[in-house]
Amino acid sequence: MTGIKSASTKSSGYQARLKTLYINDYAPQLTAELKLKNIHQAPRLEKIIVNVGLGKAKDEKKLLDVAANTLSKITGQKPIATTAKQSIASFKLREGSKIGLKVTLNGQPMYEFADRLINLVLARLRDFHGVSLKSFDKQGNYSLGLTDQSVFPELSFEDTATPHGLQVVFVIKSISPEHSKALLEKMGMPFEKEKSQ
């Protein structure tokens, strides 16, 4: 009877590899290394936002479809349109017009995406010397830009025929950018080497 219970628990209790590592290893290590009072103060990933800004091509339906296909395939979720909050005449932008697409990832899909991005996608970039150390905001969130979508293994040659860039934002609950950096380093984020003065 107990064997059946543990087997069913195991099959339904799937947990993303990176989440398991965070709970079992990274959070306790960060708590000790950053001299925090308890494990709940350890920096943690809250969500990942993947977005595509359409810029000049906001009126091209083809690019909208290509970007939507990219986001659906790399995140496993249907993207939502982002719209202009105000009209800007010099950009020929009207309030309410579509200016991009985005997907917000939480929970297991968030950890799975982070794992693939850090360990597969960034490793496929040509002439890559690490991600910028200057892309943290004051709250400790980290933004990463990719110039085209062809580095994602989920996409076929046809999916990448019309290239477009995308941005990935790691929303991190932490008390400082330094703590956020420590978390991302644990996850394997390949930061560029700091130049010695």
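Bear in mind these aren't lab numbers, they're just calculated from the coordinates by the rules spelled out. The structure presented is a predicted model; accordingly, all values stated were derived computationally and were not measured. Backbone-built Cβ (ideal geometry, glycine too); neighbour counts: all protein chains shown.
Could you sort 183-192, 133-142 so that the peptide with the highest average Cβ count within 10 Å comes first and the rest follow in order? Don't jump to the answer; show the numbers that get you there.
Details: 183-192: 17.2, 133-142: 15.3.
Per-residue Cβ counts within 10 Å, averaged per peptide and sorted highest first, yield 183-192, 133-142.
When you take every Cα atom in the range 43-186, what is the radius of gyration, and what is Dmax, the widest Cα pair distance, in Å?
Over the range 43-186's Cα set, Rg and Dmax evaluate to 15.9, 46 Å.
Looking at the range 13-72, which chymotrypsin sites (Phe, Trp or Tyr not before Pro) are in a loop (DSSP not H, G, I, E or B) and have at most 12 other Cβ atoms within 10 Å?
Here the chymotrypsin sites (Phe, Trp or Tyr not before Pro) that fit, given the DSSP loop and packing criteria, are Tyr14.
How do the peptides 173-181, 119-127 rank, highest first, by the average count of neighbouring beta carbon atoms within 10 Å per residue?
Highest mean packing first, the order is 173-181, 119-127.
Could you list, bin by bin from short to long, the percent of Cα-Cα pairs of the range 118-197 in 10 Å steps?
16, 45, 29, 9, 1
Anything over 21 Å Cα to Cα? Flag those among Lys73/Lys186; Lys78/Lys138; Lys47/Lys181, in the order listed.
Long pairs (Cα-Cα over 21 Å): Lys73/Lys186; Lys78/Lys138.
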